[in-house]
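Everything on this sheet refers to the single structure shown next.
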Amino acid sequence: MHGGVLAGWLMAALCAVSGASCLLRARTGTPQERRTARSEALMGFGMAAMALPAAVLTPPEWAWAVYGVVFGFAALRALRWARHGGHHLHHLVGSLAMVYMAVAMAPAVAGAGGHAGHGAAGGGG
């Protein structure tokens, strides 16, 4: 995540609190409401993990592949539920955004992608 360490910690805390709130919501309600709350909790905790400052916790290289698989599965699951009603469409979009972020933040992609120039002083002229 771009920005200072404090901003990363604040974002991680906000997302974790959101995930915890959704887990609490998942304890009651109809089966569909509980399923929705669990999906939103997964999204909150996933965003919290991705927002952790790299200076504090550098995930192993394979972690981004795990994020991609978990949120790819969540996207397929959301696609299945989105066919039954439009409410779950935002879960599909959110899961696909998380897959994109996992791919964009992967070490192999980051070295060759658009983020390769960040932090470089001056460059060749």
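Rule-based calculations on the coordinates, nothing more; no lab input. None of these values were measured; they are calculated from a predicted model. Every residue, glycine as well, gets a Cβ built from its backbone with ideal geometry; the counts of neighbours run over all protein chains shown.
At-a-glance table
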| quantity | calculated |
| --- | --- |
| Net lengthening on full extension, Leu23/Val93 (0.36 nm per residue, minus Cα-Cα) | 23.1 nm |
| Potential extension, Arg38-Ala13 segment - 0.36 nm per residue separation minus Cα distance | 7.2 nm |
| Cα-projected label distance for Thr30 with Val69, points at 7 Å along beta-carbon direction, nm | 3.5 nm |
